[in-house]
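A quick write-up on the structure given underneath.
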Amino acid sequence: MSYNIAGEGGFRPNGLSKGALLLASMLILMGAAAVAPSLNGIEEEFGAGKFLTSMIITLPALSVALFGFPMGSFADRIGMARTFMLSLAVFSVFGVAGYFADSIWFLLATRFVIGIGIAGISTSTTALIGMYYSGEER
């Protein structure tokens with residue numbers, strides 16, 4: 001399968017696009033790392049046991065494992081850049097939604113959807129880097 005990334009005078013990757021892709025690919029690490037220091041406080045706030053609280057860390061990884069391949073297929077259908085932008089939006093909206101959680105179940109649901117966003121970010125950034133850059137630059 002070949003891609004025409006520049007199109008008719010369209011997008012040409014530059015240093016800024018490379019930086020954006022690298023920064024976005026680091027978001028993958030934020031799936032668990034951002035909430036890990038606050039697990040004890042979350043457990044006390046919601047009165048949840050250790051098992052449910054530990055699922056806050058586990059659910060994003062589970063949804064990445066479940067949705068990684070489907071997101072890759074989705075990206076092939078609608079485009080890598082569109083998938084990337086949509087996944088960033090999902091990651092951002094559901095990341096902020098956790099702040100408004102009033103129950104452990106709502107928080108767990110938002111964490112699961114964050115994992116879907118991470119799956120889209122990881123598949124699309126990897127594909128975009130492979131498409132836009134080659135050799136030493138890649």
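Residues of region 106-127 being more than 18 Å from ALA61 (Cβ to Cβ) and either outside any helix (DSSP H, G or I) or modelled with pLDDT of 95 or more (or both), which ones?
Scanning region 106-127 gives a single hit, PHE106.
Show me the helices (runs of 4 or more DSSP H) found entirely inside region 13-90 where at least 1 residues are of a type in the set (Asp, Glu).
Counting at least 1 such residues, we get 39-46, 50-78.
Being among the hydrophobic types (A, V, I, L, M, F, W, C) and either modelled with pLDDT of 95 or more or under 10 Å from the mean Cα position of the chain (by Cα) (or both) is true for just one of ALA81, ALA89. Which residue is that?
Only one candidate qualifies: ALA89.
Within region 114-126, does at least one residue satisfy the condition of being of a type outside the set (Lys, Arg) and without any contact (Cβ under 8 Å) to a residue 12 or more places away in the chain?
no
Does at least one position in region 12-24 carry a residue that is touching a Phe, Trp or Tyr at 6+ places or on another chain (Cβ under 6 Å) and closer than 23 Å to GLY130 by Cβ?
Within region 12-24, one or more residues are touching a Phe, Trp or Tyr at 6+ places or on another chain (Cβ under 6 Å) and closer than 23 Å to GLY130 by Cβ.
Quickly run through region 33-77 and pick out the residues that are of a type in the set (Val, Ile, Thr) and under 26 Å from THR125 (Cα atoms).
VAL35, ILE56, ILE57, THR58, VAL64
Here are LEU86, LEU107: which of them is within 20 Å of ALA36 (Cβ to Cβ), hydrophobic (A, V, I, L, M, F, W, C) and touching a residue at least 12 places away in the same chain (Cβ under 8 Å)?
LEU107
Can ILE57 be described as free of Cβ contacts under 8 Å to residues at least 24 places away in the same chain and β-branched (Val, Ile, Thr)?
No; evaluated as a whole, the condition is false for this residue.
Yes or no: THR110 within 19 Å of ILE28 (Cα to Cα), among the β-branched types (Val, Ile, Thr) and more than 13 Å from the chain's Cα centre (by Cα)?
no
The values are calculated or read from the model by the stated rules, or taken from the named source; none is laboratory data. These figures come from a predicted structure and were not determined experimentally. Methodologically, a virtual Cβ is constructed for each residue, glycine included, from the backbone with ideal geometry; neighbour enumeration extends over all protein chains shown.
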